[in-house]
Amino acid sequence: MDNVELIVKASSLHGEQAVARIKEHVLAGIRATVDFTITEVEFPSGKELAAVLVLTGGVEREVLKVVSQLPQPAILIAHPGHNSLPASLEILARIRQDGGEGIILFGTPERIAAGIAQELRIRSAWEKLRFSRIGLIGDPSEWLVASDVDRAFLKGRLGIELVKIPVEELIARVREVKAPRRDVTRFTKGAVSVAEPSTKELQGAVAIYTALRQLVDEYRLSAFTLRCFDLVTGLHNTGCYALSRLNDEQVPAGCEGDLQALFSMYLGTLLGANAAFMANIAAVDVEARRLIIAHCSCPLSLSSGYAVRSHFESGIGVGIAAHIPPGPCTVFRLGGERLDRLFIREGTTAETSFREDLCRTQVEITIDGAVDSLLTAPLGNHHILIPGRHRRTIEQFFSRFLAS
């Protein structure tokens, strides 16, 4: 369970008993709504997320001294009474004057708890993203002309090691491994139908998963992207099942060697606490603010059912036609060679009429906001869908760690 260190500051003009009563009232409401621990400390340890509870006015200079010892952004918690919010506003104004950053969490206990939880997710995501080992299995596909990432940036800014693995190594492993029969059975029995793929193709798809899992474990990869069309030509099969399963195992796994989309998937998985779906933008309705996205691989954890199909473009191997149920979602993509651009919208997935001229998993999304920029200033093709509304959290992470 996550732990938050809380430094409480109150004016000496208030008696100890009064301060204790105010503190108990504020903290009881917050603690009742959280799934993390809050530990009151006099000095921050530097190992946990720390916040300052501005209990009363008159503590501005004391809080600034504490804040100087904390990583940015400073997190100030204010409540409606005892000049807590006025003091917090003055403190944050000074922090910003001095070139620092901070936020004030204010409102209901639920709102304050949600703000702390968001900061915990952002902190955890940053710690996991930095110094990751990211696999590039085969070079990016030739048609990805706007989706590369500056390798020097990855190493220098993020401390990320890009591990290049020849796709031939994967193909050689696939030919050596034996697909567990139980995995084939589990996959087909869980489907509403199995259309084109033969038993041999299903076994081959599971063998590709087994070989990729070996590479992930041996190279200690946190995430990877795969030049998957080389499997179509080299093995007459696809990585769609393997990528679906690995994403469900919390290993962000992307298609076509698209590094920008992979880092988007990785971030979405870390901040959304769920698997992410990488897809093509197949249709944009500007007036209705509606998108259709599609791909042949989808994490099964996101679906309410799926059919086993062939790969759309090639008509061979194994593809997944998953049904993603209606509900709130976030669609986004990091862009630019330094990942310093962001497109993000929230919306709602809707029932979709299946089309045979698109990749197998198809999702229609009604977007809360304009989508014109997808047609006038796109960051690229592949975009990421994650369940739930995460725009604020992703934007906070982006502005803090990636934006120029």
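Return the residues of the range 174-203 that are surrounded by fewer than 17 Cβ atoms within 10 Å (Cβ to Cβ) and either assigned to a helix (DSSP H, G or I) or acidic (D, E) (or both); say none if nothing qualifies.
If the condition is that a residue be surrounded by fewer than 17 Cβ atoms within 10 Å (Cβ to Cβ) and either assigned to a helix (DSSP H, G or I) or acidic (D, E) (or both), then R175, E176, R181, R182, T185, R186, T188, K189, E196, T199, K200 are the ones that fit.
Which one of these is within 24 Å of G257 (Cβ to Cβ), of a type in the set (G, A, S) and touching a Gly at 6+ places or on another chain (Cβ under 7 Å): G380, G388? Let's see the steps before the verdict.
Values: G388 fails: within 24 Å of G257 (Cβ to Cβ).
From the options G380, G388, the qualifying one is G380.
Just one of S297, S314, S303 is surrounded by 24 or more Cβ atoms within 10 Å (Cβ to Cβ) and among the polar types (S, T, N, Q); which is it?
Numbers: S314 fails: surrounded by 24 or more Cβ atoms within 10 Å (Cβ to Cβ); S303 fails: surrounded by 24 or more Cβ atoms within 10 Å (Cβ to Cβ).
Every option except S297 fails the conditions.
Where residues in the range 272-290 are buried (at least 24 other Cβ atoms within 10 Å of the Cβ) and in contact with a His (Cβ under 9 Å, 6 or more places away or on another chain), which of them is nearest to P325 (Cα to Cα)? It would help to see each step written out before you state the result.
Let us first name the residues in the range 272-290 that are buried (at least 24 other Cβ atoms within 10 Å of the Cβ), namely 275-279.
Applying the additional criterion that residues be in contact with a His (Cβ under 9 Å, 6 or more places away or on another chain) yields 277-279.
Numbers: F277: 13, M278: 16, A279: 16 Å.
Step by step, filter the range 272-290, then rank; the result is F277.
Yes or no, residue by residue, for (1) outside any strand (DSSP E or B); (2) more than 30 Å from V19 (Cβ to Cβ); (3) touching a residue at least 40 places away in the same chain (Cβ under 8 Å):
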| site | (1), (2), (3) |
| --- | --- |
| I91 | yes, no, no |
| I95 | yes, no, no |
| G100 | yes, no, no |
| R111 | yes, no, no |
| W126 | yes, yes, yes |
| G135 | no, yes, yes |
| P140 | yes, yes, yes |
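Can you tell me which residue among F224, F187 is within 21 Å of L339 (Cβ to Cβ) and among the aromatic types (F, W, Y)?
Working: F187 fails: within 21 Å of L339 (Cβ to Cβ).
Sole residue among the options that is within 21 Å of L339 (Cβ to Cβ) and among the aromatic types (F, W, Y): F224.
In the range 186-221, how many are among the charged types (D, E, K, R) and without any contact (Cβ under 8 Å) to a residue 60 or more places away in the chain?
Total meeting the criteria: 6.
Within the set of pairs 6 or more residues apart or between chains, which connect a residue that is farther than 19 Å from R341 by Cβ inside the range 361-385 to a residue that is modelled with pLDDT under 95 and in a loop (DSSP other than H, G, I, E, B) with Cβ atoms less than 8 Å apart?
Taking only residues 6 or more apart or on different chains, the pairs are Q362/T352; Q362/F354; Q362/R355; V363/T352; E364/E351; E364/T352.
Would you check if I122 is in contact (Cβ under 8 Å) with a residue 24 or more places away in the chain, part of a strand (DSSP E or B), β-branched (V, I, T) and touching a Ser or Thr at 6+ places or on another chain (Cβ under 7 Å)?
On the way: in contact (Cβ under 8 Å) with a residue 24 or more places away in the chain: yes; part of a strand (DSSP E or B): no; β-branched (V, I, T): yes; touching a Ser or Thr at 6+ places or on another chain (Cβ under 7 Å): yes.
Taking the combined requirement at face value, the residue does not satisfy it.
I'm checking my understanding of the structure. Among residues of the range 218-244 that are within 17 Å of the chain's Cα centre (by Cα) and either of a type outside the set (A, V, I, L, M) or not assigned by TED's automatic domain parsing to the domain that holds P197 (or both), which one is surrounded by the most Cβ atoms within 10 Å (Cβ to Cβ)?
If we filter the range 218-244 for residues that are within 17 Å of the chain's Cα centre (by Cα), which is where we start, we get 221-225, 243-244.
After this cut, where a residue has to be either of a type outside the set (A, V, I, L, M) or not assigned by TED's automatic domain parsing to the domain that holds P197 (or both) as well, the list is 222, 224-225, 244.
Values: S222: 20, F224: 25, T225: 29, S244: 31.
For the range 218-244, the residue satisfying everything is S244.
With the condition being more than 27 Å from V145 (Cβ to Cβ) and either among the hydroxyl-bearing types (S, T, Y) or not assigned by TED's automatic domain parsing to the domain that holds S304 (or both), I'd like the strands (runs of 3 or more DSSP E) fully within the range 323-396 carrying at least 1 qualifying residues.
341-350, 361-367
Please note which strands (runs of 3 or more DSSP E) are completely contained in the range 1-83 and include at least 2 residues that are in contact (Cβ under 8 Å) with a residue 24 or more places away in the chain and buried (at least 20 other Cβ atoms within 10 Å of the Cβ). Quick ask: steps written out before the conclusion?
Numbers: elements: 3-9, 37-40, 49-54, 74-77.
Output list reads 3-9, 49-54, 74-77.
On the given criteria, is A146 exposed (fewer than 15 other Cβ atoms within 10 Å of the Cβ), outside any helix (DSSP H, G or I) and not polar (S, T, N, Q)? Spell out the reasoning first.
Values: exposed (fewer than 15 other Cβ atoms within 10 Å of the Cβ): yes; outside any helix (DSSP H, G or I): yes; not polar (S, T, N, Q): yes.
For A146, the condition - exposed (fewer than 15 other Cβ atoms within 10 Å of the Cβ), outside any helix (DSSP H, G or I) and not polar (S, T, N, Q) - is met.
What is the one condition in (1) assigned to a strand (DSSP E or B); (2) on the phi > 0 side of the Ramachandran plot that G317 does not satisfy?
Condition (1) is where G317 drops out.
Strands (runs of 3 or more DSSP E) wholly in the range 253-299 with at least 3 residues that are assigned by TED's automatic domain parsing to the domain that holds D368, among the small types (G, A, S) and modelled with pLDDT of 95 or more - which ones? Before the answer, list the steps.
On the way: elements: 253-255, 277-285, 290-295.
Qualifying strands (runs of 3 or more DSSP E): 277-285.
Just the residues that are in a helix (DSSP H, G or I) and of a type outside the set (A, V, I, L, M, F, W, C), please, taken from the range 204-222.
Passing the criteria: G204, Y209, T210, R213, Q214, D217, E218.
Given the criteria touching a residue at least 60 places away in the same chain (Cβ under 8 Å), in a helix (DSSP H, G or I), surrounded by 20 or more Cβ atoms within 10 Å (Cβ to Cβ) and of a type outside the set (F, W, Y), does I116 qualify? So that I can check it myself, show each step before the final result.
Details: touching a residue at least 60 places away in the same chain (Cβ under 8 Å): yes; in a helix (DSSP H, G or I): yes; surrounded by 20 or more Cβ atoms within 10 Å (Cβ to Cβ): yes; of a type outside the set (F, W, Y): yes.
Here the answer is yes, as I116 does meet what is asked.
The values are calculated or read from the model by the stated rules, or taken from the named source; none is laboratory data. As the structure is a computational prediction, the values presented were derived from the model and not from experiment. Quick reminder, even Gly has a Cβ in these numbers, built from the backbone with ideal geometry, and neighbours come from all protein chains shown.
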